[in-house]
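The block underneath contains the structure these notes are about, expressed in structure tokens.
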Amino acid sequence: MRETPTWRIPFGVLLLVVALGLYAMLIASYVPALIGGWNALAQTPVYIVLGVVWLLPLKRFLIWMETGRWSAPVGK
């Protein structure tokens with residue numbers, strides 16, 4: 001456990017909330033215009049993929065919040 005506090009964790013949480021909000025607004029603004037006429041069964045996989053794709057960079061972001069580096073420490 002770390003002895004001294006770091007600014008990266010609260011900053012990272014705020015940045016994550018802002019980024020997810022912007023991503024959600026972007027998806028909610030543009031995707032319905034593109035696939036709104038599709039059948040609901042065809043729309044479902046698109047929204048599932050878009051709902052999960054934001055998780056892809058999350059591991060590196062959480063590593064940065066903890067260590068200050070973008071990659072995992074050697075040996076982990």
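Some points to look at:
- Every residue from segment 37-59 that is β-branched (Val, Ile, Thr) and either touching a strand residue (DSSP E or B) at 6+ places or on another chain (Cβ under 6 Å) or under 23 Å from Trp70 (Cα atoms) (or both): Val52, Val53
- Flag: Ala24 matches the condition of being under 18 Å from the mean Cα position of the chain (by Cα) and at pLDDT 90 or above.
- Look at segment 39-65: where a residue is farther than 14 Å from Leu15 by Cβ and a partner is at pLDDT below 95 and charged (D, E, K, R), sitting 6+ places away or on another chain with Cβ atoms under 9 Å, you get Ile63/Arg69.
- Taken over segment 4-60, residues that are surrounded by 13 or more Cβ atoms within 10 Å (Cβ to Cβ) and not in a helix (DSSP H, G or I) amount to 1.
The values are calculated or read from the model by the stated rules, or taken from the named source; none is laboratory data. What you see is a predicted model; the values in this text were computed from it and never measured. Every residue, glycine as well, gets a Cβ built from its backbone with ideal geometry; the counts of neighbours run over all protein chains shown.
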